[in-house]
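Enquirer: What follows is a single structure, and I will ask about it in a moment.
Please treat every number below as a calculation from the coordinates, not as lab data. Everything numeric here is computed off the predicted structure, so don't read it as measured data. No Cβ is skipped: glycine too gets one built from the backbone with ideal geometry, and neighbour counts run over all protein chains shown.
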2 protein chains.
Amino acid sequence: MTSPMPISARSRRTTDSPISWLMKLAIDDPKIISLAAGFVDTQVLPEDLLREAVAKVFATPESGKSALQYGGTSGLKELRREVAKLLESQGLSNVDPELICISNGGQQALYTVTEVMTDPGDIVLVEDPTYFVYMDVLRSAGIRVLGVTTDDEGMIPEALERRLEELRESGQRARLKILYIMSYFSNPKGCNMSQERRGRLFEIYRREVEREGSFLLLEDACYRDLALQGTPEPYMKSLDPENEFIFLSGTFSKAFAPGLRLGWSYMPPAIHRELCRLKGNQDFGSSNMNQRIMAELLKSGAYDVAADRFRARYLQKRDALVRAIEEFWPSDIDILHPKGGLYVWARLPGINTDPGSPFFEAVTAEKVLYVPGFYCFCDETQEPKPTDTMRLCYSYVDFEPMREGVRRMGRVIERMRGS
Amino acid sequence: MTSPMPISARSRRTTDSPISWLMKLAIDDPKIISLAAGFVDTQVLPEDLLREAVAKVFATPESGKSALQYGGTSGLKELRREVAKLLESQGLSNVDPELICISNGGQQALYTVTEVMTDPGDIVLVEDPTYFVYMDVLRSAGIRVLGVTTDDEGMIPEALERRLEELRESGQRARLKILYIMSYFSNPKGCNMSQERRGRLFEIYRREVEREGSFLLLEDACYRDLALQGTPEPYMKSLDPENEFIFLSGTFSKAFAPGLRLGWSYMPPAIHRELCRLKGNQDFGSSNMNQRIMAELLKSGAYDVAADRFRARYLQKRDALVRAIEEFWPSDIDILHPKGGLYVWARLPGINTDPGSPFFEAVTAEKVLYVPGFYCFCDETQEPKPTDTMRLCYSYVDFEPMREGVRRMGRVIERMRGS
């Protein structure tokens, strides 16, 4: 009998994502109506635009062959230039393509910058609730994740100040390495931060850095291009014109296609150098072919066309979801009306939505899935952890099943309240 | 004045690859003849086959759209099945597609399995000399890299036994987590391991595991499909029919196209679970689109067609390089005649080939680049580190400049010996 393989401390800390079993439920039973999965709308996926861009990239043998060769670690220069132009068209100034890194989706940028900045035992501050997959990454890396309470606009400035003060007072401030903020239509709440809120948070951050030493502001803007109404606020990054403080990350997965697995990030020079070194160790750089294709898509305007389609579609879907909730759920149920992104956050007073709760089981028995708010809150919250919240996603499910799913959940709510 | 950003212990340990400056030299001066770069032959890159496969994947909107959606972390089932079939056609039995993981090139598999297995301070045994990029990964992870001396066939069994004995005697055996072996046409030496050598090494490994506890045998077979003469020996993995010990990794970058960034690995169940969790944190899985394309290429036989083209081309190039060396270099210079892969390893008695040596500077002044053996040997060798070796790569450079590069180096050798 041989002994089991030894595994690393990191692996011992790493679990399956808490929602991977939700995903599995949905895959195992195609009849299930999943309001949980954050996939993109299949119908709108721009295979027509993709086909055109591929034709251009492979128009000549030379061009095709060059797409099939190795590329540089930080990404194809042509694509980094297009990203810089995109960011400038979105209000940033003087974006240096040399400080952009192309990654495998936004996820790899989040993962790798966390590797650059943190050691086990370090501290990261996050909005509470926040993107649970990033919490998985942090836990796997041995990081202490401290939640900062949010309201409808996102992180509450006073709550951030309280956290910073606690860290200073407990002598742990030096372990703080990252402040993580989803600046547009956050996952899971769909918060939209006002310009004033952005400014307040950055001001608190800057003052803290000046007084107590540097840490990184990680601005995750992955949903920015899914603004469904009006023009999105400027990036928080625009408050950092010298490119000293903010790591800005985004993706082409949400408003174009996740199947390309491409994201981008823009950051201070010292971080860029470290990030590219680690990315080089991980994979030498993202697919050169896909980067060529993506550069074409940006150049030709096809990216904007696709993003428009997604926005139009998600606007309809968001409205359909909100209408269904208004139609089928008791009127005291509180939802956030998102101005973009993929999610509606709901609060069901008097009902425990946690996994394993009678409500959760009853909804699952009705073959409907949601993400319990439970999974989105930190282990270390500032307020008692709410037990009556849920995230509903309108991007993947079709109109009819969406309405039906909400209807069935409404029935369960009434049953629960009646009993 | 704000303080500099704090960076992690990992980042502090991570440097640019020692050969990245060699790469930069070649990029900055297109007149340079690089016998250093391990890129693939651009002319043979199968853009025609790729175009056909893309056409199939995007033949219908449904099929195209599904390629653009998210996929699973371990990889597209269709592709994992094709990889299992490929491995079975190459002599393995009962390959379970559920224990295959698709990664961003072979590199990501090496990186991630190292994360699964090791903590800082752990030990990895490698062939000496070995693949320098993997040494970078290990150093970045804080691993102690111990070299095991090689001969023309690869790792010497007695040298491995000596290392294991030393580890037991110094009480460090428990820190040993990985034995890394390139089982085909190794980088940098181009060694070809006989069946007997494979058996001996596996036997020593197995005995050690039985007696002293488990560690992983990491078989990197990335050059297997570039066997230029005869049928390659069976995988070492075939010595592990119950899939308990060996992590086998391979790639589509060498015999098809690096621009797709796809590799595969096949491993024991416990390792597979951990590997997929970490890969999920890194990027949710490799590009679904590229995996669809790759599955098409394997199914249609296009992969074999491309691999044949590469083999035919590299056979010519290898012969051209060997002939040029025979023509232009003194006859006492010792080279290994590789039966596959991309490299010729040379030993130049009496000449110091280290970076910064008069020879290196003179060759660079002649606008020719090679990889000094210096970069390929471990910090902790078993024998004194040789100073007279180099790696020459025949894959990327064209015939004429290859010959010219060898001729110029021959002149420098004669000058050095004359002086």
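Enquirer: Counting only residues 5 or more places away or on other chains, whose amide H sits under 5 Å from the amide H of B:L228 once H atoms are built in the peptide plane?
Expert: Excluding prolines and chain starts, which carry no amide H, the hits are B:G340, B:G341.
Enquirer: Please go through the residue pairs A:K31/A:K317; A:K279/A:K299; A:K254/A:K339; A:K24/A:K367; A:K56/A:K279; B:K31/B:K317 and name each one whose alpha carbons sit more than 23 Å apart in this structure.
Expert: A:K279/A:K299; A:K56/A:K279
Enquirer: Per residue of B:63-75, count partner chain C-beta atoms within 10 Å of its C-beta, then hand back the mean as an integer.
Expert: 6
Enquirer: Based on a Kirkwood Rh over C-alpha pairs, give the Stokes-Einstein translational diffusion coefficient of the stretch B:257-391 at 10 °C and viscosity 1.306 mPa s in µm²/s.
Expert: 84 µm²/s
Enquirer: Continuing with this model, one more query. Evaluate the relative contact order of chain A (contact order divided by residue number), counting alpha-carbon pairs under 8 angstrom at least 6 apart; express in whole percent.
Expert: 24 percent
Enquirer: Just the number, please: percent antiparallel of the DSSP beta bridges in the stretch B:48-302, rounded to the nearest 5.
Expert: 35 percent
Enquirer: Rg (Å, one decimal) plus Dmax (Å, integer) for the alpha carbons of the stretch A:1-139?
Expert: According to the Cα coordinates of the stretch A:1-139, Rg and Dmax are 20.6, 63 Å.
Enquirer: Residue by residue through the stretch A:227-232, which ³J(HN,Hα) values in whole Hz follow from phi under the Karplus form 6.51 cos²θ - 1.76 cosθ + 1.60 (θ = phi - 60°), with glycine and proline marked x?
Expert: Those phi angles translate into 6, 8, 9, x, 7, x Hz.
Enquirer: For chain B, state the semi-axes of the equivalent ellipsoid (square roots of 5 times the eigenvalues of the alpha-carbon gyration tensor), sorted largest first and rounded to whole angstrom.
Expert: Square roots of five times the eigenvalues give 33, 28, 22 Å.
Enquirer: Could I get the Rg over Rh figure for the stretch A:313-419? Both from C-alpha atoms, Rh via Kirkwood, rounded to two places.
Expert: 0.95
Enquirer: Further, regarding this structure: List the distances, in nm and shortest first, from the label point of B:T42 to the matching label points in every other copy, placing each point 7 Å from Cα along the Cα-to-Cβ direction.
Expert: Counterpart label points of B:T42 in the remaining copies fall at 4.0 nm.
Enquirer: Need one number: % antiparallel among DSSP beta bridges in the protein assembly as shown, to the nearest 5.
Expert: 50 percent
Enquirer: Also: When ranked by the protection proxy of mean other Cβ atoms within 10 Å per residue, highest first, what sequence do the peptides A:269-276, A:290-297 form?
Expert: The most tightly packed comes first, giving A:290-297, A:269-276.
Enquirer: Something else: How shielded is A:100-107 by partner chains, expressed as the average number of their Cβ atoms within 10 Å of its Cβ atoms?
Expert: That average works out to 3.
Enquirer: Add +1 for every Lys or Arg and -1 for every Asp or Glu among the other residues with Cβ under 11 Å from the Cβ of A:G199, and state the total.
Expert: Value of the local net charge: +1.
Enquirer: Further, regarding this structure: Which whole-number percent of Cα pairs in the stretch B:150-254 have a distance greater than 22 Å?
Expert: The answer is 30 percent, as a whole percent.
Enquirer: May I pose another question? Would you tell me the mean number of C-beta atoms belonging to other protein chains that fall within 10 Å of each C-beta in B:38-51, as a whole number?
Expert: 4
Enquirer: Taking amide H atoms as placed 1.01 Å from N in the peptide plane, list the residues 5 or more away in sequence, or in a different chain, whose amide H sits under 5 Å from that of B:W264.
Expert: Here B:S103, B:G250, B:T251, B:F252 satisfy the definition.
Enquirer: If one computes the Cα centroid of the stretch A:1-58 and of the stretch B:120-175, what distance in Å separates the two points?
Expert: Centre-to-centre (Cα) distance: 36 Å.
Enquirer: Please list 3J(HN,Hα) in residue order for the stretch A:7-13, calculated via the Karplus relation 6.51 cos²θ - 1.76 cosθ + 1.60 where θ = phi - 60°; whole Hz, with x for glycine and proline.
Expert: In residue order, the calculated couplings are 10, 6, 4, 4, 5, 5, 7 Hz.
Enquirer: Computed over the Cα atoms, what is the radius of gyration of the stretch A:98-176 divided by 2.2 N^0.38 Å, N being its residue count?
Expert: Dividing the Cα radius of gyration by 2.2 N^0.38 Å gives 1.19.
Enquirer: Relative contact order for the stretch A:298-404: what percent, with Cα pairs under 8 Å and sequence separation of 6 or more?
Expert: So the answer I get is 29 percent.
Enquirer: Using θ = phi - 60° and the Karplus relation 6.51 cos²θ - 1.76 cosθ + 1.60, list the HN-Hα couplings for the stretch B:138-144 in order, rounded to whole Hz, with x at every Gly or Pro.
Expert: So the Karplus estimates, Gly and Pro as x, are 5, 5, 4, 7, x, 8, 7 Hz.
Enquirer: Please compute the net charge surrounding A:T2, taking Lys and Arg as +1 and Asp and Glu as -1 over other residues with Cβ under 14 Å from its Cβ.
Expert: -3
Enquirer: I'd like the distance separating the alpha-carbon centroids of the stretch A:295-323 and the stretch A:355-419, in whole Å.
Expert: So the separation of the two Cα centres works out to 27 Å.
Enquirer: Per DSSP H run of at least 4 residues, take -39500 (n - 2.57); add these up for chain A, divide by its residues and hand me the 222 nm value, nearest 500 deg cm²/dmol.
Expert: After summing the helix terms and dividing by residue count, I get -13500 deg cm²/dmol.
Enquirer: List residues of the stretch A:205-241, by number, whose backbone nitrogen lies under 12 Å from a label position 7 Å along Cα→C-beta of A:D319.
Expert: Once the point is set 7 Å along Cα→Cβ of A:D319, A:229 turn out to lie under 12 Å by backbone N, inside the stretch A:205-241.
Enquirer: Looking only at the stretch B:116-217, where both bridge partners belong to it, what percent of the DSSP beta bridges are antiparallel (to the nearest 5)?
Expert: 20 percent
Enquirer: While we're here: Show the residues, 5+ positions off or on another chain, whose built amide H is closer than 5 Å to the amide H of A:L176.
Expert: Here A:I123 satisfy the definition.
Enquirer: Using only the alpha carbons, work out the radius of gyration and Dmax of the protein assembly as shown in angstrom.
Expert: 27.6, 100
Enquirer: Can I ask one more? For the stretch A:150-202, report the % of Cα-Cα distances exceeding 16 Å.
Expert: Cα-Cα pairs of the stretch A:150-202 separated by over 16 Å account for 46 percent.
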